[in-house]
1. Out of region 158-187, which residues are touching a strand residue (DSSP E or B) at 6+ places or on another chain (Cβ under 6 Å), more than 29 Å from residue 90 (Cα to Cα) and buried (at least 17 other Cβ atoms within 10 Å of the Cβ)?
2. Return the residues of region 199-222 that are touching a helix residue (DSSP H, G or I) at 6+ places or on another chain (Cβ under 9 Å) and either over 18 Å from residue 110 (Cα atoms) or free of Cβ contacts under 8 Å to residues at least 24 places away in the same chain (or both); say none if nothing qualifies.
3. Being part of a strand (DSSP E or B) and surrounded by fewer than 23 Cβ atoms within 10 Å (Cβ to Cβ) narrows it down to one residue among 62, 73, 52, 100; which is it?
4. List the number of the failed condition for residue 89; all other conditions in (1) touching a helix residue (DSSP H, G or I) at 6+ places or on another chain (Cβ under 8 Å); (2) buried (at least 20 other Cβ atoms within 10 Å of the Cβ); (3) within 23 Å of residue 178 (Cβ to Cβ) hold.
5. Scan region 1-16 for residues that are in contact (Cβ under 8 Å) with a residue 40 or more places away in the chain and in contact with a strand residue (DSSP E or B) (Cβ under 6 Å, 6 or more places away or on another chain) and report the count.
6. Where residues in region 116-151 are in contact (Cβ under 8 Å) with a residue 40 or more places away in the chain and in a helix (DSSP H, G or I), which of them is surrounded by the fewest Cβ atoms within 10 Å (Cβ to Cβ)?
7. Is one or more of the residues making up region 17-26 farther than 21 Å from residue 139 by Cα and either in contact with a strand residue (DSSP E or B) (Cβ under 9 Å, 6 or more places away or on another chain) or outside any loop (DSSP other than H, G, I, E, B) (or both)?
8. May I ask you to verify whether residue 226 is at positive phi, surrounded by fewer than 19 Cβ atoms within 10 Å (Cβ to Cβ), more than 15 Å from the chain's Cα centre (by Cα) and not in a helix (DSSP H, G or I)?
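Laboratory data are not the source of any read-out in this text; all were calculated from the coordinates shown. Bear in mind that the values here come from a model prediction, so they are computed numbers and not experimental data. For neighbour counting, all protein chains shown are included, and Cβ atoms are generated from backbone atoms with ideal geometry for every residue, glycine included.
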């Protein structure tokens, strides 16, 4: 499937492809692309089941990787947050010639089945909101956003919401695709990429990092303040690490 994309930066610059996590969309990378990666051709992608891309099944990792290879047909540096980080690692394992550098932002490489079940059940039934403020309140009440400014979360969440047939607003994703994604995250983790790789971990994240101990020589691990949503909780620190790594 050709996925919906948005591009920022010069068309002839080195390519960087950005993948969001579950329930999110490509707009999470708009600020990073415009403010920090101006010397790159940055492409944001709505994954299958999210935003403006197609929502049809299957939603397994193999299909997601095939979508990415069909949508981006040249080698690139890849940035992925959460489930997007898992997909970057899977892409690097299955098509290493297409991944020149990898940035894994608090990647959801693996969670235990009980956690995956809890997360899948949370999104299985549609939640509606009366307003953007209600949705932002819901996000902060979840405990996964630790230090992000409320105005940043509001600004980057505004286009996530669409009218619900049941009334009110809902987040623009396919619930079945999210359930499938959590099932994939509960499987054994992929290996770390063999290309130059940056891993950015939130110090207060609830997502476990499965590779303890000294990282391989090609992998740099950086810990930033805040939790799992590193581009919200620690934008400056995360952007600085990415810019330095990409050169």
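1. 161, 169
2. Residues satisfying the conditions are 220, 222.
3. From the options 62, 73, 52, 100, the qualifying one is 100.
4. (1)
5. Initial filter on region 1-16 (in contact (Cβ under 8 Å) with a residue 40 or more places away in the chain): 1-5, 14-16.
Of the ones still in play, those that are also in contact with a strand residue (DSSP E or B) (Cβ under 6 Å, 6 or more places away or on another chain) are 3, 5, 15-16.
Result for region 1-16: 4.
6. 124
7. Going residue by residue through region 17-26, those that are farther than 21 Å from residue 139 by Cα are 17-18.
Remaining after also requiring either in contact with a strand residue (DSSP E or B) (Cβ under 9 Å, 6 or more places away or on another chain) or outside any loop (DSSP other than H, G, I, E, B) (or both): 17-18.
The answer is yes; a qualifying residue exists.
8. Details: at positive phi: yes; surrounded by fewer than 19 Cβ atoms within 10 Å (Cβ to Cβ): no; more than 15 Å from the chain's Cα centre (by Cα): yes; not in a helix (DSSP H, G or I): yes.
In short, no.
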